[in-house]
């Protein structure tokens, strides 16, 4: 059963290069992280400008595989901008210019040979506000990405949908009402549905842009639990305003300020013993 | 600053003024519709008294005194048929224009083209009528109607009549051209109102522009687009000048629309055409006013249907842009 679904997904991915390890020299990375050899995403000299105005400047970051990396910082610091460069969402923003490299499994996402549409398929994204397709049922929402990528067999669809909903911890709540419209769910359930929708296409990286900021504390707790479970299988990058949340869910934290990555290290270190004073001031709530 | 000072400055007069003015403005709408209805009713009273419901279902039209007969059915049908044909032509084109403007057009040409679309909506209908009469109908007859008649006239009754250029189809096509700007301008606004986050949900899954439109934008905007079309239909139903110049102005049973190339007539057209000749003391005048009353009800009926359709579409799955 499980194998069937996986076979199809592997077939979906056919034609894409197999992951290759990169042997880049470690740069701009604190010593204690250099020992961690498995990086999924390498961000090199990345800068983004909107209509000539710089939003993020010269960012270098190595994001580890199967771990949660949090991006924190005050509003307007560029953390969402950074997140959206990773799946080339800025291609859709008028006036946005991206320079530098983002390397996922050895391939530069911004290489001319990369088709952004296929690229986005490999990177799941969960947005600030739950955005299920309002006219579709729960089942159709999760199936949407699969159908788009050519999976038509009902049995396989059912299997992947069940798996995805289970991974997003929504299955138990909705298994008897998959045909109900997605918007009939509560806000927190909708957000977990959006996570399931993103997981269904088997992404290699999962981007989350303040996924719990529009939710009440109980719903956001559930999202956090989901994130902690998901990191067993996925590389997760999460933007958050909530420092407690970053502390609870993430392994690495990057602190951004005015478009710069001020400090990037193990979460514990950022919160307990940061190198820079700016970071210390921010995580202790003195500004932001 | 003392607290007394703050309290004394408050003045609640303007709130009552605001309430009263707004309520009066609201009541004005109601007053207008009641007055129009009342006037149409009283001026057409004679014809309802004489013909009763047969005025709606009859198809004869004879204003000659002593042999008077009035039936509105061919014109009701003419109005509905021309408007619906126009709608069938205009809706796909308009949504295409709106799609281009909202999804595909680069910013640099988006604004100028949107401006032109809105400009077209402001062209007076007499201009469309003159263009239709002197230019379009001749080209349309030679290049479309005659070939269609030659090819299909013997097999399909809709193409049976020999084309003359002034007929149901010509009027419908020009009507379509007239309502395209309205429908596409409103549709464009509706497509642009679809939240970016809805589009991004589809983009995130690896959708192309077309797939984003199909799976995310269109379902979200559906009821709004129906609303935009109904707005166009409303305009088509009441359109008088251009239709009068192009529809052929047949009267009586032969005006009942049974073919594309047939001379027909519409409620608005027959009123405009015959009003000058109608003596206020004969049955002719009440009959024309009666047609006006029917036209009012047809428009009203279309609006009610539109609201029902939109409510049904939006109820089926909540969310999306509601109504217009």
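The values are calculated or read from the model by the stated rules, or taken from the named source; none is laboratory data. Keep in mind that what you see is a predicted model, and the values were worked out from it rather than measured. Heads up, the Cβs are rebuilt from the backbone with ideal geometry, glycines too, and the neighbour counts pull from every protein chain shown.
Among what's in region A:149-165 and is surrounded by fewer than 19 Cβ atoms within 10 Å (Cβ to Cβ) and closer than 24 Å to residue A:236 by Cα, pick the residue that is nearest to the chain's Cα centre (by Cα).
Within region A:149-165, the first condition is being surrounded by fewer than 19 Cβ atoms within 10 Å (Cβ to Cβ), and the residues that meet it are A:150, A:152-156, A:158-159, A:162.
Now narrow it down to the ones that are closer than 24 Å to residue A:236 by Cα: A:159, A:162.
Values: A:159: 24, A:162: 21 Å.
Ranking the qualifying residues of region A:149-165, first place goes to A:162.
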Quiz item: If residue B:197 passes every condition in (1) out of contact with any helix residue (DSSP H, G or I) (no Cβ under 8 Å at 6 or more places or on another chain); (2) over 30 Å from residue A:200 (Cβ atoms); (3) free of Cβ contacts under 8 Å to residues at least 60 places away in the same chain but one, which one does it miss?
Solution: (2)
Quiz item: With respect to the numbered conditions (1) touching a helix residue (DSSP H, G or I) at 6+ places or on another chain (Cβ under 6 Å); (2) farther than 24 Å from residue B:88 by Cβ, which one is the sole condition not fulfilled by residue B:176?
Solution: (2)
Quiz item: How do the pairs read when you match residues in region A:164-192 that are over 17 Å from residue A:126 (Cα atoms) with residues anywhere that are at pLDDT below 90, using Cβ under 6 Å and keeping only pairs 6 or more apart or on different chains?
Solution: A:181/B:317
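In region B:114-162, which residue that is assigned to a loop (DSSP other than H, G, I, E, B) and touching a helix residue (DSSP H, G or I) at 6+ places or on another chain (Cβ under 9 Å) is nearest to residue B:244 (Cα to Cα)? If you could, list the steps in order and put the result at the bottom.
Keep residues of region B:114-162 that are assigned to a loop (DSSP other than H, G, I, E, B), which gives B:122-124, B:153-156, B:160-162.
Those left that are additionally touching a helix residue (DSSP H, G or I) at 6+ places or on another chain (Cβ under 9 Å): B:122-124, B:153, B:160-162.
Numbers: B:122: 19, B:123: 17, B:124: 14, B:153: 25, B:160: 22, B:161: 20, B:162: 20 Å.
Top of the filtered list is B:124.
Has region A:88-105 got at least one residue that is farther than 24 Å from residue A:220 by Cα, within 14 Å of another protein chain (Cβ to nearest Cβ), part of a loop (DSSP other than H, G, I, E, B) and at pLDDT 90 or above? So that I can check it myself, show each step before the final result.
Restricting attention to region A:88-105, the residues satisfying the condition of being farther than 24 Å from residue A:220 by Cα are A:88-105.
From the residues that got through so far, the ones that are within 14 Å of another protein chain (Cβ to nearest Cβ) too are A:88-96.
From the residues that got through so far, the ones that are part of a loop (DSSP other than H, G, I, E, B) too are A:88, A:93-95.
Retained after the next criterion (residues that are at pLDDT 90 or above): A:88.
The answer is yes; a qualifying residue exists.
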Quiz item: Can you name the helices (runs of 4 or more DSSP H) wholly within region B:200-261 that have at least 1 residues being more than 25 Å from the chain's Cα centre (by Cα)?
Solution: B:209-212
Quiz prompt | Residue within region B:61-72 that is within 21 Å of the chain's Cα centre (by Cα) and buried (at least 19 other Cβ atoms within 10 Å of the Cβ) present | solution = yes
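Which is in contact with a strand residue (DSSP E or B) (Cβ under 9 Å, 6 or more places away or on another chain), more than 11 Å from chain B (Cβ to nearest Cβ) and surrounded by fewer than 20 Cβ atoms within 10 Å (Cβ to Cβ), of A:243, A:208?
Working: A:208 fails: surrounded by fewer than 20 Cβ atoms within 10 Å (Cβ to Cβ).
Result of the check over A:243, A:208: A:243.
Kindly evaluate residue A:109 against the criterion of being more than 14 Å from the chain's Cα centre (by Cα), under 18 Å from residue A:203 (Cβ atoms) and buried (at least 17 other Cβ atoms within 10 Å of the Cβ). First the steps, then the outcome.
Numbers: more than 14 Å from the chain's Cα centre (by Cα): yes; under 18 Å from residue A:203 (Cβ atoms): yes; buried (at least 17 other Cβ atoms within 10 Å of the Cβ): yes.
Spelling it out, residue A:109 is indeed more than 14 Å from the chain's Cα centre (by Cα), under 18 Å from residue A:203 (Cβ atoms) and buried (at least 17 other Cβ atoms within 10 Å of the Cβ).
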Quiz prompt | Among residues of region B:177-198, those that are surrounded by fewer than 21 Cβ atoms within 10 Å (Cβ to Cβ), facing chain A (nearest Cβ under 10 Å) and under 14 Å from residue B:103 (Cβ atoms), counted | solution = 1
Quiz prompt | Candidates A:199, A:230, A:206, A:247 - the one that is in contact with a helix residue (DSSP H, G or I) (Cβ under 6 Å, 6 or more places away or on another chain) and under 30 Å from residue A:158 (Cα atoms) | solution = A:199
Quiz prompt | Test: residue in region B:213-231 that is within 13 Å of another protein chain (Cβ to nearest Cβ), without any contact (Cβ under 8 Å) to a residue 60 or more places away in the chain and surrounded by 21 or more Cβ atoms within 10 Å (Cβ to Cβ) | solution = yes
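When you check residue B:148 against the structure, is it surrounded by fewer than 24 Cβ atoms within 10 Å (Cβ to Cβ) and either within 14 Å of chain A (Cβ to nearest Cβ) or farther than 30 Å from residue A:89 by Cβ (or both), yes or no?
Working: surrounded by fewer than 24 Cβ atoms within 10 Å (Cβ to Cβ): yes; either within 14 Å of chain A (Cβ to nearest Cβ) or farther than 30 Å from residue A:89 by Cβ (or both): yes.
Judged against the criteria, residue B:148 is a match.
Would you call residue A:125 touching a strand residue (DSSP E or B) at 6+ places or on another chain (Cβ under 6 Å), within 14 Å of chain B (Cβ to nearest Cβ) and assigned to a strand (DSSP E or B)? Before the answer, list the steps.
On the way: touching a strand residue (DSSP E or B) at 6+ places or on another chain (Cβ under 6 Å): yes; within 14 Å of chain B (Cβ to nearest Cβ): yes; assigned to a strand (DSSP E or B): yes.
Answer is yes for this residue.
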